Each structure stands twice: as C-alpha cells, then as structure tokens.
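**Q** Before we start, here is the structure in question, set down as structure tokens.
The values are calculated or read from the model by the stated rules, or taken from the named source; none is laboratory data. What you see is a predicted model; the values in this text were computed from it and never measured. When we count neighbours, we look across all protein chains shown, and the Cβ atoms used for this are built from the backbone with ideal geometry, even at glycine. We work out accessible area using only protein heavy atoms, side chains counted, and drop any ligands, DNA or RNA first. Shrake-Rupley method; radii C 1.70, N 1.55, O 1.52, S 1.80 Å.
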Amino acid sequence: MLMQTHEARLAALRTELARRGLDGFVVPISDEHMSEYVGSYARRLEWLTGFGGSAGSAVVLKDAAAMFTDGRYTVQVRDQVDGKLYAYEDVPKTSPAKWIAATAQRGARIGYDAWLHGVKWAEQAAAVLAAKGIELVPVDGNPIDAVWADRPQPSDAPAVPHEDRFAGRSSADKRAMVADWLKHEGHNAAVISALDSVAWLLNIRGGDIANTPVALSYVIAHADGTADLFIEAGKVTPQLVQHLGNAVTVRERSAFEPALAALAGKTVAVDPDNAVAAVFRALEDSGAKVVRATDPTVLPKAIKTPAEQQGHRDAQARDGAAVARFLRWLSEEAPKGGVDELSAAAKLAGFRGLSPDLRDASFDTISAAGPHAALPHYKVDEDSNIPIPPSSIFLCDSGGQYADGTTDITRTVWIGPGEPSAEMIDRNTRVLKGHIQLATAVFPDETPGGAIDALARMHLWQAGLDYGHGTGHGVGSYLSVHEGPQRISKPGGAFPGTETPLRAGMILSNEPGYYKVGAYGIRIENLVLVVEAAVEGAEGTYLGFETLTHVPLDRRLVDKTMLSAREVEWWNAYHARVEELLAPQLDGADLSWLKDECRPL
C-alpha cells in the first residue's frame, strides 16, 4: 500500500537521523540551485511524503512530523499526504522554524541540508530556534539520500549552445557586461548559481529539468571577463567547448566547492535570493569577503533583446495555431462526453507536437474541468482525473518551449450543449474587462508592477470579488516560464518583484481570474511585452504593453452590454489580429472555426 510505503520511508529516515545524533530534519522542495522546478533526483519531499506540489516543505521530528504548504495546495496536500503521519500546517500562518520551536524540546539538534536552503532561511530559522534553545545543524550529506535506495541519478543530458541569432547577444558581450559591473563595484568575482542565469550568461541550454531547458552547472564569473563553468564532464561536447571559447574554463562540477575555497582573500558577490547557504559557508570559511548582491544577470536577462522579442512573436504565432486546433477539436468532441482532463491535455500536447520547432512543454498543463478549474494551480494525474462534463466551464493553462521563445496561455471555454449561467458570464466578463484594462494601460517608465495590479482587479472589486494569485509573472526566452525580477501583483504580497520597475523589453503574463470554490474557475492569460507608448504631449517616457499571445477568447462567456465601446474595439482589433496571424497556418475545419470565432463581437 502507498501509505505503508511512506510510513516505512518516514521510519527509515528517523532511524538515520538517530544514527547521526539528530532530533529532526527539514525537507524542502529544492535543489542545489534553488530552482522552482527540480529534477527527479532532487524530489526528496515527494519521495518521503507523496506530495507532488511545486512549493512546500516538511519537518520530521522523533515523534512528530508536519507538512507546510500555502493556500494553493490546501486540497492537494490532504489528498496526497497521510494525515496520520503528518500534521497539515498552513503557510504563512506558521513556518517550519516556528513549528519546530513550539514542538521540539530544548537542546534538540535539527538538521538541514545547506545545499538546498537559501542563506536567508538558514539564518532566520537558526535565530528562531536558538531563542528556544534549539540548534540548527548543517548536515554532511543528505540523510534522505542515505535511505532512498532507488534514488534517480541526475540527468546526463548534454549542454548545448544556444545560437546567437536567438539570443541577440553573444556570451562574450554578456560576460563583459558582468565584468564591467564587478569592476565598478570593486568585486573580484561573482558566483552565478541559478540555472537560468548560467544558461543566459553563456548562451547554453540543457535538458536536466523537465519544462526548463537548463543544464546542472555553476559559474564563477571574474572581473577580467573570463569565467569558470562547473559541469559534469559527460555533459560536455566538443561543440559546447568550441562555443564557449578560450575565455571560459570548463571544470568538473565536483570542483565547485574547492573553487569557492580558492577565492580566499577575494571579494565575491553572491545573490542571497538565488544561492544556497552552503555557498556562503564555503566562501566565508575560506576567508573570502562575501558581498550580498543581486545576480548581475537577472535584470539584463529580463530585458529581452530585439532578436528575443521577435523570437517570442514567432513562437507565439506558431503556438497559437496549435492551441486554436485544440480548441476547435474540444468544441466538437467535449460536448459529446468521453473527453477527460488527461485526454484533453494529451490532445493539446499532440497539436503542439506537430511543430518541428517544439522542444518541450514550458510547464505541466493545467487541464481543469468543473470544480477543478476553481483550483488555480491544479495538476491533473491518474488519481484526480475526471471527465469534462457537458454544459460546464473548462480551463486550460499551458505552454511550449521553442528555441525562439517560451509560451504560456490560459483559455477558459464553455463546453456545450446549452448556455453558461448568467453568473458565469458576469464573472468572465469582469475578468475580461480587467485583462483589457491592463493590456491597454499606459504608465510612466520604471513604474513597478505592484502599482498597476489593481487595474486588472478593479471590475471584480466593484462586485466584491477578487482572486488570490498574482496578475503577472515574468517569462524567459527559451528559459524559465516563471522569470524574475518583475511581477504584477498586490504590493507587499507573498511574492517578490512587485517593487521592481517595469522596463521596455520585459515580458510578463496578464492573467486575472475568478474562482468559485467547488463550482468553476475562470482565467484569461496572454503574454505581453513592455514597449514604449506613443503619448502625445507626454512629459517623459511612458510605457505600455504589446500583446504577444493570439488565440480566440470564448464569446459565449461575454456579456457585450457590460463592455464599453473602447473594450469592444479592443476585442474586435485583437481578434482581427488573431485571424491575421493564425489563418495562414490553418485549413479546413480549423480555419472555418477560427473565422467564426474571430468575427466582430
């Protein structure tokens, strides 16, 4: 039985902790690079507890254990994790450190893997526990690895060059930019540990993490423009070596920690938001002067080059045709019954796969029928899969990875027969109005994303409604579908980035929504590019958005009488552009469906 298996795993971990003289251990979802998505070798929390979400942690003590998740996973954690083994704890009402402080005995030694936790977390947790006479202890080797007999090995996929024609900027130019920053700040080197930052800096990509084309590696960038790349030798090809050139020294991944020690006496910049605690410990123990500074690649990575901007437009048009084919198929097949969440997701993947340019999905498709659509981060699997009921709302959030761009789109559609309820139409139209409000916004240069979030919510607020997630996240260029530092969300919320100024060239999502728990959910998501806005008589530079995603919206869920003339104009112009971009790629029934969906409102 599955639960017996997890009970045995928990018992094995406790035995290993006792052998090491530890009274507890903290288990995050993380890897050595603090990645949002991790490889199978690093899914320790899932192996131990059964929890398959993308954010959460567990604490195991001698005679107690708890799972810590936020509101996104309230339902999922209870479905997947045995409540007899783990208490369910809600973040941010509590935290692992607070729970340990209240539960463990004075004098307890609580282990943590410094290669999986950020330095801020380690310092704050240590302080909370010390106040209760509890010690937070970095372990030598993860105790879960000692009891996980069939733990997968890290991916051996090769790292490959990412062509300059897609990047729009050479690695040498990027390294020179970092070197100029280091010299200006008076630093000798910078540790680049976030996988997408390494990929961007060296113009390389990989296949080590599902949905994110990165290679497991680190970089130490130097003030003279050279760099050391630490990566497993089996992932290095002659083509990669030729691409990197003489200014990049390729070294074994295992040499990274000794290389940190060799920076003794140097001034080294490390990003506390992206580098694990072990990196700081290794540098500080060596006698290096550690400066906590934002990774110098983060902002330039977010501001796309003209080549990356055009690549996104091309990828979006290609992806839009695949999604349009899917929506046409869905409109015909789902009302008959017999289509479920998994088969719908598989059909969409098949349509995307018709493009020879597709490299991967950009995340696991959210294929959500009926009440599942009310769970913003729902992930369908064999256990949760349900049929898509006729006469219901279906929400699909999906994306693709192409060499020239990363896509992310959500469409909410009515599955016939019959008509959606007046309430459904009202809620969807309010979400649409917010989406249009943000898509057409004009704002001063360097306005932070938090300052415009309310535009997407205002029409929901007027009806006493809201949604519990951010409105927009940054998106990479054939990289992470969730990319910082920019974000459109409520200021002071749970996610960083709302104070980051928006700048021309950044790409974000525009995705307001509404969720009626137990009934249905609505979200409309397009990607947008921040561009300079032409404002007559403007005093200074003003910005706006260019919509990149072009796929029809469901008119059956729209009340035209609730839309202003300006909003109807936006709808018609948007769908005229959709038809212009997608029609040349479609034929037959797909083309007829597109033309019908794109007619004026």
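**Q** Any residue at all in the stretch 554-562 that is basic (K, R), outside any loop (DSSP other than H, G, I, E, B) and within 17 Å of I409 (Cβ to Cβ)?
**A** no
**Q** So, one more: Out of the residues in the stretch 459-484 that are outside any loop (DSSP other than H, G, I, E, B) and at pLDDT 95 or above, which is most open to solvent (accessible area, probe 1.4 Å)?
**A** This residue is W461.
**Q** Residue check, S564 against (1) of a type outside the set (D, E, K, R); (2) touching a Lys or Arg at 6+ places or on another chain (Cβ under 9 Å); (3) closer than 27 Å to K301 by Cβ, all met but one. Which one?
**A** Of (1) of a type outside the set (D, E, K, R); (2) touching a Lys or Arg at 6+ places or on another chain (Cβ under 9 Å); (3) closer than 27 Å to K301 by Cβ, only one is false for S564: (3).
**Q** Can I ask one more? Name the pairs: first residue in the stretch 423-447 and of a type in the set (K, R), second residue crowded, with 17+ Cβ neighbours inside 10 Å and part of a helix (DSSP H, G or I), Cβ to Cβ under 9 Å, at least 6 apart or on different chains?
**A** Here the result reads R427/L460; R427/L557; R430/H459; R430/L460; K433/H459; K433/L460; K433/E567, each pair linking the stretch 423-447 to a residue that is crowded, with 17+ Cβ neighbours inside 10 Å and part of a helix (DSSP H, G or I).
**Q** Hey, another quick one. Give the number of residues within the stretch 201-222 that are open to solvent by less than 20 Å² (accessible area, probe 1.4 Å), in contact with a strand residue (DSSP E or B) (Cβ under 9 Å, 6 or more places away or on another chain) and more than 16 Å from F256 (Cα to Cα).
**A** Summing the residues that are open to solvent by less than 20 Å² (accessible area, probe 1.4 Å), in contact with a strand residue (DSSP E or B) (Cβ under 9 Å, 6 or more places away or on another chain) and more than 16 Å from F256 (Cα to Cα) in the stretch 201-222 gives 10.
**Q** Look through E546, E569 and report the one residue that is under 30 Å from P444 (Cα atoms), part of a helix (DSSP H, G or I) and open to solvent by 50 Å² or more (accessible area, probe 1.4 Å).
**A** Within the list E546, E569, the selection yields E569.
**Q** Looking only at the stretch 575-601, which residues are open to solvent by 80 Å² or more (accessible area, probe 1.4 Å), closer than 19 Å to L330 by Cβ and either assigned to a loop (DSSP other than H, G, I, E, B) or aliphatic (A, V, I, L, M) (or both)?
**A** Across the stretch 575-601, the qualifying residue is only D587.
**Q** Does the stretch 41-60 contain any residue that is open to solvent by 40 Å² or more (accessible area, probe 1.4 Å) and touching a Phe, Trp or Tyr at 6+ places or on another chain (Cβ under 6 Å)?
**A** No: zero hits.
**Q** Please work out which residue is farthest from M177 (Cα to Cα), limiting yourself to the stretch 222-266 and to residues that are out of contact with any Leu (no Cβ under 9 Å at 6 or more places or on another chain) and assigned to a strand (DSSP E or B).
**A** Here the answer is F230.
**Q** Within the stretch 109-148, can you find the residues that are assigned to a strand (DSSP E or B), among the hydrophobic types (A, V, I, L, M, F, W, C) and open to solvent by less than 10 Å² (accessible area, probe 1.4 Å)?
**A** I110, the sole residue that qualifies.
**Q** State the number of residues belonging to the stretch 151-199 that are out of contact with any strand residue (DSSP E or B) (no Cβ under 8 Å at 6 or more places or on another chain) and not in a helix (DSSP H, G or I).
**A** Adding up the residues that qualify gives 12.
**Q** I've got another one for you. If you take the residues of the stretch 423-446 that are among the β-branched types (V, I, T) and surrounded by fewer than 17 Cβ atoms within 10 Å (Cβ to Cβ), which of them is farthest from E525 (Cα to Cα)?
**A** V442
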